[in-house]
Amino acid sequence: MTAIDWFSLLHPVLVILFVYPVMGATVRLGILVREKRLGITKQPAPVPREHVDHGRWLTAAVVVAVLIALVYSFASKALEPGVAFAGGPARLGLLLLVAAGTLVALIALLRVKQPLLRASFTGLTWLGLLGLGSQPEIWRLSDNPFSGAFWSSHYWSGVLLTGLTTPSAGPSGVRTIGAACCSRACCCSTWRPGLKSPSTCAGAACTWPAMC
């Protein structure tokens with residue numbers, strides 16, 4: 001096997017060994033959070049935080065897996081014997097630069113907290129994937145959303161999944177202080193009927209029923 005053959009294994013290995021298990025854990029934690037919010041079961045306080053963290057790991061892993069697949073498609077075409085890469089080394093370098101920029105946008109998305117910056121880096125991440133995926137080297141069953149082939153396309157399934165998950169990849173800002181919570185997500189994950197809301201939460205009012 002050549003180096004490019006080994007590189008092609010990164011995408012399925014990452015998805016099978018990391019994305020699928022984390023996806024299952026994220027769904028399970030989401031169910032536990034809902035049960036806790038509705039008062040069905042009692043769950044440890046860190047459960048909502050763990051649900052958010054797993055969701056962020058899942059989103060980051062899916063984006064990285066898609067980027068690996070796209071870069072492999074470009075590299076394999078560029079290294080194919082006897083076939084010239086369209087646009088030459090300059091275009092290949094530009095595509096790799098866009099892939100690196102998309103990865104930087106994802107890292108920034110995972111770190112920034114301001115809503116405007118999060119929205120900006122979410123858009124940059126997804127647009128980077130769309131731009132790379134629109135290249136002729138990327139195999140797609142169909143680009144027509146009104147055809148069945150579009151919805152069975154492996155490429156479009158991955159890109160649509162990243163588009164749905166990247167908006168939630170930024171820091172959640174959830175802070176738990178004893179029984180009190182400092183964000184809508186935290187309050188709504190712990191409040192249940194009959195439970196009194198705290199008067200303050202780190203100096204800010206937190207009325208659970210109204211927020212939820």
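Each value in this text was obtained by applying a stated rule to the coordinates, not by laboratory testing. None of these values were measured; they are calculated from a predicted model. Heads up, the Cβs are rebuilt from the backbone with ideal geometry, glycines too, and the neighbour counts pull from every protein chain shown.
Odds and ends about this structure:
- Taking every Cα-Cα distance in the range 3-172 and sorting them into 5 Å bins from zero, the calculated P(r) comes out as 1, 8, 15, 17, 18, 16, 11, 6, 4, 2, 1, 1, 0, 0 percent.
- Working ranking of peptides 29-40, 67-78 by packing, defined as the average number of other Cβ atoms within 10 Å per residue, highest first, is 67-78, 29-40.
- Ranking SER8, ALA86, ALA99 by how far each Cα lies toward the positive end of the dipole of the range 3-172 (charges on Cβ) leaves ALA99 at the top.
- Charge dipole (the range 47-176, unit charges on Cβ, about Cα centre) - positive-most of ALA69, PRO48, GLY131: PRO48
- Candidate aspartates and glutamates - alpha carbon under 19 Å from LYS113, same-chain residues fewer than 8 apart omitted: GLU50, ASP53
- Potential lengthening between ALA90 and ASP5 on full extension [0.36 nm per residue; Cα-Cα distance subtracted]: 28.2 nm
- Taking amide H as placed 1.01 Å from N in the peptide plane, GLY87 has no amide H partner under 5 Å among residues 5 or more places away or on another chain.
- Unit charges on C-beta of K, R, D, E only; dipole of the range 2-52, Debye: 440
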